[in-house]
Amino acid sequence: MATVHLRIGDLVWGKLGRYPPWPGKIVSPPKDLKKPRGKKCHFVKFFGTEDHAWIKVEQLKPYHAHKEEMIKINKGKRFQQAVDAVEDFLKKAKGKEQNSDGKGDLKGKKTPNKPLKILEEDDEDLSALKDPSEKDLTDSDPEPSTLERLGAGPGSAFKWESSPVKDDPHFHHFLLSQSEKPASSMEPISKRLKIVEEDTGSTSIQAADSTAINGSITPTDKRIGFLGLGLMGSGIVSNLLKMGHVVTVWNRTAEKCDLFIQEGARLGRTPAEVASMCDITFSCVSDPKAARDLVLGPSGVLQGIRPGKCYIEMSTVDPETITELSQVITSRGGRFLEAPVAGSQQLSNDGMLVILAAGDRTVYEDCSSCFQAMGKSSFFLGEAGNAARMMLILNMVQGSFMATIAEGLTLAQATGQSQQTFLDILCQGQMASTFVDQKCQNILQGNFKPDYYLKHIQKDLRLAISMGDMANHPTPMAAAANEVYKRAKALDQSDNDISAVYRAYIH
């Protein structure tokens, strides 16, 4: 069976870990992204997800030769959208061929692939950003001969065990960062490089070079455990690994561990096993019940705690839960710290979270390199429970503010005012911020892809109101916002971004 040789610009099916084959295109990697050693692979941009990965050659198949086979196997909505994106790409490429010289004859002509354009953050020439998709077609179109060859040649001689793509809002391929460890001398943050060819809304777990913000990081020699690979946990673990930490991971859905194992993480079979194997174990889960179950449930963390073991609760929960977990961990001779994080999925990916810590001060100091890897700053707030209180107050303000912004946008529409003009004016005033601009733009575009789940901000509002009740302190603004989020949840917006609270006003 003849071997098919792939090159930049070719359309392919790429298989990553346990994930089903997905359509993509071989592209030039960023200059600072090193190819994995000892592996013959290509850098693939996946359609429909705007994510990337190094894929081994034996896990790639030509797109056209295997299109029918893959469509029969996979029926999910997101998969079909990806295939549609490929077909749109081909139509645009064909149109460009026909219009390039007025005759549509490009055979024999070869347009060299341009390298991926990289801009510094303070570069003022942003004209290349006006239409990223158009730029992508221009820079790395496969010429007709390439497409014909893809349609004719057989795939590599190996067998994929494919399973149908589930229509899962959390499904995505991940960017496996293979960069070399950073040097000790770091460039200033204003000079950090930004890849501008790709959609900046990508949900990949590519870790930012956090050392550009925090200075040189010498990873702790302590063994790190991490439980929970959701929107926040995924980015945190990726940054810990990139900065050289030894990390063992566990997740309730075991498949989420696969990509981190490929990045160098170790796999723990249960929370108890992770806690017993590691010196410091972090947890980042959805709510108080999940946090308690992780510690107190069958094969839970408590069973793996021994004298000197450290447990760090990063979930946003109520102070009472923190007090309970602190007591049971320390009762076994363990050391406890709470360290919830302020931020979003994107900030987690970028290593730009803000860490609020409280509890055992020596554990806080032992985690210095970890906190530098995952965040831009950290605060120690005293005794356990204080970080939970502060985090709930912060999220109460954020949730109430987001509900107010959504109310303003809908009122502008209801009174005949331009929502875009409202946003433009807002972003020129004292309330201007990246948060306001990003969330409002997402609303106007109908993009509610989760960066922070709506159901979680409603949970935080509920807990903040309860905390206010216990302190006999009024929280009328939070109470009103909470009702709006409850309305949004009733409209099936729980798993969308917090900006989906907008939909509570238009139904």
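Each value in this text was obtained by applying a stated rule to the coordinates, not by laboratory testing. What you see is a predicted model, and the numbers here were worked out from it, not measured in a lab. All Cβ positions, even for glycine, are placed from backbone atoms using ideal geometry, and neighbour counts span all protein chains on display.
Worth pointing out:
- Amide hydrogen proximity for Arg335: with H placed 1.01 Å from N in the peptide plane, the residues at 5 or more positions away or on another chain lying under 5 Å are Gly308, Lys309, Cys310, Tyr311.
- Length-normalised contact order of the stretch 244-335 in % [C-alpha pairs under 8 Å, at least 6 apart]: 26 percent
- Theoretical FRET efficiency, 1/(1+(r/R0)^6), r = Cβ-Cβ of Glu365 and Asp437, R0 25 Å, to 0.05: 0.10
- 14 Å beta-carbon shell around Cys427, net charge (K/R +1, D/E -1): -1
- Summarising the amide proton neighbourhood of Arg266: residues at separation of 5 or more, or on other chains, whose placed amide H is nearer than 5 Å comprise Val247, Thr248, Val249.
- For the stretch 379-507, averaging the sequence separation of C-alpha pairs within contact (under 8 Å, six or more residues apart) and dividing by the residue count gives a relative contact order of 36 percent.
- Computed from label points 7 Å out along Cα-Cβ, the spacing between Gln420 and Asp84 is 2.3 nm.
- Relative contact order (percent, whole number), the stretch 431-507, Cα cutoff 8 Å, 6+ residue spacing: 43 percent
- Dipole of the stretch 259-332 computed with +1 at Lys/Arg Cβ and -1 at Asp/Glu Cβ about the Cα centre; of Val317, Gly268, Gln327, farthest Cα towards the positive end is Gly268.
- Contour excess over end-to-end distance, with Cα ends at Val57 and Gln327 and 0.36 nm allotted per residue: 92.0 nm
- Charge dipole (the stretch 345-429, unit charges on Cβ, about Cα centre) - positive-most of Ala373, Met391, Gln420: Gln420
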